[in-house]
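A.B. asks: My questions all concern the structure below.
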Amino acid sequence: MGCPVAVVGLVVQRLGGLADDLDRKSLAIRQCERDLATSEARYRSLISNAPVVIFQFDQEGVFELSEGKGLASAGLAPGEAVGQALFTLYHGHPEIAAQARRALAGEALQFVSRFGHTFFDTYFNPMRAADDSLKVIGVAVDITERRWAEEALRRANRQLRMISECNQALI
């Protein structure tokens, strides 16, 4: 027994509609992929050229992300810290470990740290992941030039006060 022609026509029509829907969805997915690639290229360009470090560590302090031009000032390459524990990597910087423990306890923090002659303005932002585990996302901005400029300004102000005091004494 054969299928009525009307049923076959309906099936062909529906399949044609499904094919059109799949084509539209495929085009939308390709556009999303292009947009994502463009967005990632912008992110990579910004991170690789700005004096910043973008990082994330888990509740054990193990780095899951470590990117940015600012890593060179800390003696690291982008991605080099991934898989390493913050507490091991920065064992010579107990103040950073102390701040990380506070962040892992749920506290958002901002602090200045120093690596040799380099200063970083660092932000730790704890957040819950989809699996309810705690992650800390952070940004560290190299503020060395600003710190040296502030110090030079303080020295100049001290010298001006001394000159002013000497002039007052002479009058």
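A.B. asks: Taking the dipole about the Cα centre of region 1-149, with the C-beta of Lys and Arg at +1 and of Asp and Glu at -1, give me whichever of LEU86, ILE29, PRO4 is farthest to the positive side.
C.D. replies: Ranked along the dipole, the leading option is ILE29.
A.B. asks: How would VAL139, VAL52 rank on accessible area, largest to smallest, probe 1.4 Å?
C.D. replies: Reading off the accessible areas and sorting them downward yields VAL139, VAL52.
A.B. asks: What accessible area, in Å² to the nearest ten, does a 1.4 Å probe give for ILE54?
C.D. replies: Taking all protein chains as shown, ILE54 has close to 40 Å².
A.B. asks: Tabulate in residue order the Karplus-calculated ³J(HN,Hα) for region 127-137, using 6.51 cos²θ - 1.76 cosθ + 1.60 with θ = phi - 60°, rounded to whole Hz; enter x for Gly and Pro.
C.D. replies: For region 127-137, the Karplus-derived couplings read 7, 8, 7, 4, 8, 6, 7, 8, 10, 10, 9 Hz, x marking Gly and Pro.
A.B. asks: Just the ratio, please: alpha-carbon radius of gyration of region 1-72 over 2.2 N^0.38 Å, N its number of residues.
C.D. replies: On the way: Rg = 24.9 Å, N = 72, 2.2 N^0.38 = 11.2 Å.
Compared with the compact-globule rule of thumb, region 1-72 sits at 2.23.
A.B. asks: Now for a different question. Just how large is the dipole of region 1-97 about the Cα centre, in debye to the nearest 20, putting +1 at every Lys and Arg Cβ and -1 at every Asp and Glu Cβ?
C.D. replies: Magnitude of the dipole: close to 480 debye.
A.B. asks: Something else: Suppose every K and R has +1 on its Cβ and every D and E has -1 on its Cβ; what is the size of the dipole of region 19-171 about the Cα centre, in Debye to the nearest 20?
C.D. replies: The dipole magnitude comes to about 720 debye.
A.B. asks: OK, next. Amide H neighbours of VAL62 under 5 Å, at least 5 residues apart or on other chains, H built in the peptide plane: list them.
C.D. replies: HN-HN under 5 Å from VAL62: LEU86.
A.B. asks: Keeping all protein chains in place and using 1.4 angstrom, which order do ASP58, ASP132 fall into by accessible surface area, from largest down? Intermediate results must be reported in sequence, preceding the final value.
C.D. replies: On the way: ASP58 30, ASP132 100 Å².
Largest accessible area first, the residues go ASP132, ASP58.
A.B. asks: To the nearest 10 degrees, how steeply does helix 94-104 sit against the main Cα axis of the chain, on a 0 to 90 scale?
C.D. replies: Here the helix axis deviates by roughly 40 degrees.
A.B. asks: Okay, moving on. What is the spread of the Cα atoms of the chain along each of their three principal axes, largest first, in whole Å?
C.D. replies: 120, 38, 27
A.B. asks: Which residues' amide hydrogens lie under 5 Å from the amide hydrogen of ALA50, considering only partners 5 or more residues apart or on another chain, with H built in the peptide plane?
C.D. replies: Correct list: LYS69.
A.B. asks: Quick one: helix 144-170 against the long Cα principal axis of the chain, what's the angle to the nearest 10°, folded into 0 to 90?
C.D. replies: 30
The values are calculated or read from the model by the stated rules, or taken from the named source; none is laboratory data. Here the structure is a predicted model, which means the values were calculated and not measured. Virtual Cβ from ideal backbone geometry, glycine too; neighbours counted across all protein chains shown. Keep in mind that these areas ignore ligands, DNA and RNA; they rest on the heavy atoms of the full protein, side chains included. Shrake-Rupley method; radii C 1.70, N 1.55, O 1.52, S 1.80 Å.
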